[in-house]
Amino acid sequence: MGDNFAVNLLIFVMASFLGIELIRHVSRLLHTPLMSLTNAISSVSIVAALILMSDPKTDLILLLATLGIGLAAVNIVSGFMITERILKMFTKKGAR
């Protein structure tokens with residue numbers, strides 16, 4: 001677990017920083033399609049976690065799958081909320 005864990009952790013941290021930097025510079029016009037894509041990715045994560053929960057090998061796998069479902073669900077719900085707020089910015093005031 002030693003060297004392999006350290007390499008995987010380094011890759012995770014670097015990917016997190018890269019993702020934050022990329023998303024920070026996205027214009028508002030591209031935010032809605034980007035949020036739709038992340039909602040789709042989160043739904044795939046939920047399906048994968050449900051498959052893992054069907055036959056967990058250890059309690060750690062069960063815990064991580066449960067945590068993954070919870071975090072992905074929060075991401076999906078907040079993504080829809082943010083997308084709706086951005087779409088309201090482009091509607092006419094009389095159309096609301």
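The values are calculated or read from the model by the stated rules, or taken from the named source; none is laboratory data. Only a predicted model underlies this, so the values are computations on that prediction, with no experimental measurement involved. With ideal geometry, Cβ positions are generated from the backbone for all residues, glycine too; neighbour counts draw on all protein chains shown. Just the protein is used for accessible areas: all its heavy atoms, side chains included, with ligands, DNA and RNA removed. Shrake-Rupley method; radii C 1.70, N 1.55, O 1.52, S 1.80 Å.
Checking every residue in region 29-38 against the condition of being in contact with a helix residue (DSSP H, G or I) (Cβ under 8 Å, 6 or more places away or on another chain), closer than 30 Å to PHE90 by Cα, among the hydrophobic types (A, V, I, L, M, F, W, C) and open to solvent by less than 50 Å² (accessible area, probe 1.4 Å) gives at least one match.
Tallying residues that are hydrophobic (A, V, I, L, M, F, W, C) and closer than 25 Å to ILE20 by Cβ within region 38-64 yields 7. Could you please tell me which pairs satisfy a Cβ distance under 8 Å, a separation of 6+ or placement on different chains, a first residue in region 78-91 that is surrounded by 10 or more Cβ atoms within 10 Å (Cβ to Cβ), and a second residue that is outside any helix (DSSP H, G or I) and of a type in the set (D, E, K, R)? Going by the 8 Å Cβ cut-off, the qualifying pairs are LYS88/ARG96. If you go through region 45-68 and keep only what is touching a Ser or Thr at 6+ places or on another chain (Cβ under 8 Å) and within 25 Å of MET35 (Cβ to Cβ), you end up with ALA49, GLY68.
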